[in-house]
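Structure first, commentary second.
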Amino acid sequence: MSLVRNFPAVSILLCLFAGIISSGLKKRAAEYVNTILIFVAGLLSLCTLLYILETGQMFVYVMGKFPAPWGNEIRAGVLEAFTALFFCIIMLLSLVGGRKKLADEVEEGKTFLYYVLMDLLLASLLALVYTNDLFTAYVFVEINTIAACGLIMIRQNGRTIEAAARYMIMSLLGSGLLLMGICMLYDLTGHLLMSNIKEQMKWVYLAGHYKIPMLVTIALMSVGLAIKSALFPFHAWLPDAYGYSTVSSAAILSSLVSKGYIFLLIKIIYRVIGFEVFYESRIMDVLFAFGLMGMIFGSISAIRENDIRRMIAFSSVAQIGYIYMGIGMGTQAGMEASVFHILSHAATKSLLFIAAIGLTEVSGGSRQFIELTGSAYRNKWAGVAFTVGSLSMVGVPLFSGFISKLLFAQAAVQNDVKMLPALIVLGISTILNAIYFMKTVIRIYTPVEEHKYGSMTFKDMKLYVAALFSFIILNVALGVSSQPIVDLIGQGLAMFS
């Protein structure tokens, strides 16, 4: 067996061991371990991706050498390896961008715990991407939930504790529904490995047995993951969780954590239930409807906000709506658009959160729009980065957001039944996006004759500026070189099937 086939399992185990090791280290050492870990995990994912592209085939790694149906398996294909690599890049840039602010946000004696939680979060994300076992997926869903909750409340103020409690309640509700679905699925099929479940589900569906239990199972798993990924109307926990946590936490929670759950849902659709069976259940129509509502109501809530962090958070509700709209179309083109938007939103939303902290820092720490007037002149790099992120969210050409909306529009045209509502809501959402993002850009570039705040110099923020421009390059790369990535996504989804 090629050495590369061990890399997905090794990357997950490295993250778990790093969390254990970092728990006994001081702040600086834990920071170095975390940075090296993310870099190594990304490198292993890159090697895995290149190996799969070279061989043209996915591979299965059996944990502990116990074969199916008893063993635990890791499955690596094009989409899994590419997503793992992308998640590592986003996490590394988000941590680098928020590192300077972390000292002000987290108590000195608790900083090492922050990196322990990040190690565990990365382990859970990689496991959700690679696992071929539903129960293992559930275990790491819970690890992800605990780590994310810790990252929210580690800032230790009243709002973050309240936000963490709300997040934990909603997230555990979603986890409970997911577990109930997995239990029913095990009862129906007698398997936990995804490939084995799919074979049995196909037989059960063709035989016409257990139609109601099958529908309930699909609904429980879909709603559970929808709650955990903050699909409208299950998004009440999101604004405070993203708005009051540390800047790096907000960037990672919005760009990676919710996307990990959506990626798991896509795997369940293709590799557990089967695309045809899932489509016939009509659950996709429900996801489509809630996705459309999320696109509108998330944007309306963002327009009404006067807090820049909460505005960006509510924008995530709308963007998650886009992803579920694509899934709900029930077509290959819609699914490709959704997966591309997972990447686009991850790159753009992290950029916006990291840029926003630079604008608030030169505005006396205030996040209110009135205080942010002219902040782009006081921190030019953050102003440019926020503008790029805003243009991408609106859907201006050259940026990744434009490609996302173009792919969604193309997918809508191919679906006669859902074309009209999808295109109408897509147009309305784009207008609403322009209203609140361009309003903010105009505000930060409105000159003021006198201000009481200082300006930031490049010397003070080299790593911060490097992270911002890396995000900008990543965003533009997704926008101008989208076709190879879309082809890669299509190839990965074909391997799923």
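The values are calculated or read from the model by the stated rules, or taken from the named source; none is laboratory data. The shown structure was predicted, so the numbers you read here are calculated from the model rather than taken from an experiment. Positions of Cβ are backbone-derived with ideal geometry, glycine not excepted, and every protein chain shown enters the neighbour counts. Note: areas computed on protein heavy atoms with side chains; ligands, DNA, RNA excluded. Shrake-Rupley method; radii C 1.70, N 1.55, O 1.52, S 1.80 Å.
Structural remarks
- Within region 310-322, the residues that satisfy the criterion of being of a type outside the set (S, T, N, Q) and either within 17 Å of His345 (Cβ to Cβ) or surrounded by fewer than 20 Cβ atoms within 10 Å (Cβ to Cβ) (or both) are Met311, Ile312, Ala313, Phe314, Val317, Ala318, Ile320, Gly321, Tyr322.
- Index of the failed condition, Gly243 passing every other in (1) touching a Lys or Arg at 6+ places or on another chain (Cβ under 6 Å); (2) part of a loop (DSSP other than H, G, I, E, B): (2)
Residues checked against (1) surrounded by 24 or more Cβ atoms within 10 Å (Cβ to Cβ); (2) modelled with pLDDT under 85; (3) hydroxyl-bearing (Ser, Thr, Tyr):
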residue: Leu264; (1), (2), (3): yes, no, no
residue: Lys267; (1), (2), (3): no, no, no
residue: Tyr270; (1), (2), (3): no, no, yes
residue: Tyr279; (1), (2), (3): no, yes, yes
residue: Ala289; (1), (2), (3): no, no, no
residue: Ile296; (1), (2), (3): no, no, no
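- Yes/no for Lys459 being open to solvent by 50 Å² or more (accessible area, probe 1.4 Å), modelled with pLDDT under 85 and part of a helix (DSSP H, G or I): yes
- Screening Lys198 on (1) in contact (Cβ under 8 Å) with a residue 60 or more places away in the chain; (2) open to solvent by 50 Å² or more (accessible area, probe 1.4 Å); (3) over 25 Å from Val60 (Cα atoms); (4) of a type outside the set (Val, Ile, Thr) shows it passes everything except condition (3).
- Among residues of region 227-255 that are among the acidic types (Asp, Glu), those with a Cβ under 7 angstrom from a residue that is open to solvent by less than 10 Å² (accessible area, probe 1.4 Å), sequence gap 6+ or separate chain, pair up as Asp240/Ala163.
- Any hit, region 173-182, residues being open to solvent by 10 Å² or more (accessible area, probe 1.4 Å), in contact (Cβ under 8 Å) with a residue 60 or more places away in the chain and either part of a helix (DSSP H, G or I) or among the charged types (D, E, K, R) (or both): no
- Selection within region 377-429 - among the polar types (S, T, N, Q) and closer than 21 Å to Thr331 by Cβ: Ser404, Gln410, Gln414, Asn415, Ser429
- Qualifying residue in region 409-421 (condition: buried (at least 22 other Cβ atoms within 10 Å of the Cβ) and acidic (Asp, Glu)): no
- Considering Thr348, Thr387, the condition of being part of a helix (DSSP H, G or I) and surrounded by 20 or more Cβ atoms within 10 Å (Cβ to Cβ) is satisfied by Thr348 alone.
- Unique residue being modelled with pLDDT under 80 and β-branched (Val, Ile, Thr) when the list is Thr111, Thr83: Thr111
- Candidate set: region 4-53, residues that are at pLDDT 85 or above and open to solvent by 80 Å² or more (accessible area, probe 1.4 Å); chosen: the one farthest from Leu128 (Cα to Cα): Tyr32
- Any chance Val257 is of a type in the set (A, V, I, L, M, F, W, C) and open to solvent by 30 Å² or more (accessible area, probe 1.4 Å): no
- Residues of region 34-54 satisfying the condition of being β-branched (Val, Ile, Thr) and within 23 Å of the chain's Cα centre (by Cα): Thr35, Ile36, Ile38, Val40, Thr48
- Every listed requirement among (1) open to solvent by 10 Å² or more (accessible area, probe 1.4 Å); (2) under 20 Å from Lys267 (Cα atoms) is met by Ala81 save one, (1).
- Subset of region 117-146 [open to solvent by 20 Å² or more (accessible area, probe 1.4 Å) and over 18 Å from the mean Cα position of the chain (by Cα)]: Phe135, Thr136, Val139
- Test: residue in region 366-381 that is under 18 Å from Ile320 (Cα atoms) and either open to solvent by 10 Å² or more (accessible area, probe 1.4 Å) or under 19 Å from the mean Cα position of the chain (by Cα) (or both): no
- Selection of region 291-333 for residues being touching a residue at least 12 places away in the same chain (Cβ under 8 Å), closer than 18 Å to Tyr242 by Cα and not in a helix (DSSP H, G or I) yields Glu305, Asn306, Asp307.
- Test: Leu426 is at positive phi, surrounded by fewer than 21 Cβ atoms within 10 Å (Cβ to Cβ) and either in contact with a Lys or Arg (Cβ under 7 Å, 6 or more places away or on another chain) or not in a helix (DSSP H, G or I) (or both): no
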